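Worksheet: one structure, shown below.
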Amino acid sequence: MTNPTKRIMEMEVVTAQAFHPLYTLLTLRCAPGTDPELPAMKPGQFVQVAIPDAPHTFLRRPISINYVDGNEMALLVRRAGEGTSRLCDLRSGARLNIVAPLGRGFTIPGQQTGRLLLAGGGVGIAPLCFLGRAMKAAGLTPEFVIGARSDADLLELDMLREIGEVHVTTDDGSAGEHGVVTCHSTWQLGATIQRVYCCGPAPMMKAVARLSDSLGADCEVSLENMMACGLGACLCCVEKTVRGNVCVCTEGPVFNIKELTWLD
Amino acid sequence: MARLSVNIGGGLTIKNPVLTASGTFGYGEEFADFIDLSRLGGYIIKGTTLNPREGNPYPRMAETPAGMLNCVGLQNKGVDYFIDHIYPRIKHYGSELIVNVSGACVDDYAEAARRIAARTDIRAIEVNISCPNVKEGGMAFGTTCDGAATVTRAVRDAFPGTLIVKLSPNVTDIAEIARAVEAEGADAVSLINTLMGMAIDVERRRPCLSMITGGLSGPAVRPVAVRMVWQTAKAVKIPVIGLGGIMDGRDAIEFILAGASAVEIGTANFVDPAVTVKIVEWIDNYCARHGVDDINDLIGAINQ
């Protein structure tokens, strides 16, 4: 019990913005009467959210941290099933029980020696936003490469543009360049890419990992394997790595692609 | 405050009846940020085998109504790694440490138990003859009286401390298996391990788990577990440790009333990492509300 880093927190929804049929942005603060200060949280870490009033989805849902602002924390939730739908339908004032922070975050370089590209799509932009903010605060210059199905599915663009340059691709060509994230012309500018960070659907992350490898750039990806405990106890969320099966919840969710077996 | 200490066999007394179920509590240290581990009756280390095991491929878990399926497959670094690297780190927690031991063959069980006896101060082991997720050993031993008796006899010779045998519910008559291991010197039985189950992703027409089938746990299995504890407690003289879908103090008392001397908390740890201590407190409060001075007076105490 000495110096706990993880906490179980009773939190309150400050705002619930359902800005897209599939996505809701929840901002949360510690519930009145509890310690208002959030524990230290790093970009790439996640939280485990108990689903209120849902007897059939009794396991918590792992959600990555979108950003932390003082004593408020934001979670971008995608409506994927019954549990996340409950979260998307919450209103301000609702209570949530949260275990946080969990996992290891992204590696932020001490100094910039080349481009730092943050590539992602869908709900995957949430941890990239947090990462971009931290990089900017550290005096680095991150750039985003964001892919979506179409213009209407591009999320939090304004927030990302405040952090750094945003390169966009859409599957239907309705915004940015036509195609998927790895097709964007920015990858081929010739300037050295120091490191790539990716969070998105598995096929996107695998494609970005291969591209980064071919460009000689270091690459970190954030996995979303299905989890039960989030604490390294149940061993359900394992990913095969060069060290054998390891828990994504404690050894990840961020992995350097050199640790994974994707490029074999 | 009521007396909460209970005997779990072989002369071993634990400070209260709340233990954790193997495979749901890691090595305890994963929960040290949330609870004071010394407040538990004890905790059961996840399935340990003689040799390291990688476990089964991902996906290993599927959520089901009021429960979950898993097919982890006893991933662990082996008994020597446990003794040399993990045990020194966790033995100071002030809680009774019980190691769950599994094996692919009878000799593996016995050798792992022998090493624990020789190189640690651990006073109790739980022998897992009921894991549904491994190809060899595991549940194969737990579904026949002969198999269960053979493993128990071999481990009994290898381990002088308290020997708990964890039983499989995937049998026709669990009481018969309990009697078979009691006759071979088991000090206690714990039940139930997970129920064999299966779930299918109908959109993709694929099983949800890499091994197709897995073990069902969580509140969905609780009534089956309570029934089996009740049947077993009537059939044997040794202590019965009850588990299966215990989510709170009420559920724990239900197992004790059915005849369990102690309980193990499993899947609930995934939902609330602090649930075990809340259950200890709830039990104490229940005893106060019901004027019970000694938890032992509640074991099997249902009115019929």
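The values are calculated or read from the model by the stated rules, or taken from the named source; none is laboratory data. Keep in mind it's a predicted model, so treat the numbers as computed, not measured. Backbone-built Cβ (ideal geometry, glycine too); neighbour counts: all protein chains shown.
Only residues that are within 14 Å of chain B (Cβ to nearest Cβ) and aliphatic (A, V, I, L, M) were counted in the stretch A:50-85, giving 5.
Could you go through the stretch A:189-206 and let me know if any residue there is β-branched (Val, Ile, Thr), in contact with a Ser or Thr (Cβ under 7 Å, 6 or more places away or on another chain) and buried (at least 19 other Cβ atoms within 10 Å of the Cβ). Yes, the stretch A:189-206 contains at least one residue that is β-branched (Val, Ile, Thr), in contact with a Ser or Thr (Cβ under 7 Å, 6 or more places away or on another chain) and buried (at least 19 other Cβ atoms within 10 Å of the Cβ).
So, in the stretch B:157-186, exactly how many residues are in a strand (DSSP E or B) and β-branched (Val, Ile, Thr)?
The number of residues fulfilling the criteria is 3.
Scanning the stretch A:189-236 for residues that are out of contact with any helix residue (DSSP H, G or I) (no Cβ under 6 Å at 6 or more places or on another chain) and small (Gly, Ala, Ser) yields a total of 7.
What residue, among those in the stretch A:239-264 that are among the aliphatic types (A, V, I, L, M) and touching a Cys at 6+ places or on another chain (Cβ under 6 Å), is surrounded by the fewest Cβ atoms within 10 Å (Cβ to Cβ)? Ranking the candidates gives A:Ile257 first. Scan the stretch B:19-40 for residues that are closer than 13 Å to A:Leu231 by Cβ, more than 7 Å from every other protein chain (Cβ to nearest Cβ) and among the polar types (S, T, N, Q) and the total you get is 1. Within the stretch B:86-101, is there a residue that is within 22 Å of B:Ala178 (Cβ to Cβ) and at pLDDT below 95? The answer is no, given that none of the residues of the stretch B:86-101 is within 22 Å of B:Ala178 (Cβ to Cβ) and at pLDDT below 95. Looking only at residues in the stretch A:1-12 that are crowded, with 18+ Cβ neighbours inside 10 Å and out of contact with any Lys or Arg (no Cβ under 7 Å at 6 or more places or on another chain), which one is nearest to the other protein chains (Cβ to nearest Cβ)? Checked the stretch A:1-12; the qualifying residue nearest to the other protein chains (Cβ to nearest Cβ) is A:Lys6. Residue count for the stretch B:44-72, restricted to those that are out of contact with any Ser or Thr (no Cβ under 9 Å at 6 or more places or on another chain) and under 16 Å from B:Met139 (Cα atoms): 2. Regarding the stretch A:14-25, can at least one residue be identified that is more than 14 Å from chain B (Cβ to nearest Cβ), assigned to a loop (DSSP other than H, G, I, E, B) and surrounded by 13 or more Cβ atoms within 10 Å (Cβ to Cβ)? Within the stretch A:14-25, one or more residues are more than 14 Å from chain B (Cβ to nearest Cβ), assigned to a loop (DSSP other than H, G, I, E, B) and surrounded by 13 or more Cβ atoms within 10 Å (Cβ to Cβ). Out of the residues in the stretch B:56-86 meeting the condition of being on the phi > 0 side of the Ramachandran plot and surrounded by fewer than 21 Cβ atoms within 10 Å (Cβ to Cβ), tell me which one is nearest to the other protein chains (Cβ to nearest Cβ). Looking at the filtered set, the residue picked out is B:Ala66. Counting only residues that are β-branched (Val, Ile, Thr), in a loop (DSSP other than H, G, I, E, B) and over 30 Å from B:Arg123 (Cα atoms), the stretch B:187-209 holds 1 of them. Scanning the stretch B:289-300 for residues that are part of a helix (DSSP H, G or I) and surrounded by fewer than 12 Cβ atoms within 10 Å (Cβ to Cβ) turns up just one, B:Arg289. The strands (runs of 3 or more DSSP E) found entirely in the stretch A:186-264 that carry 2 or more residues being within 14 Å of chain B (Cβ to nearest Cβ) are A:238-241, A:244-247.
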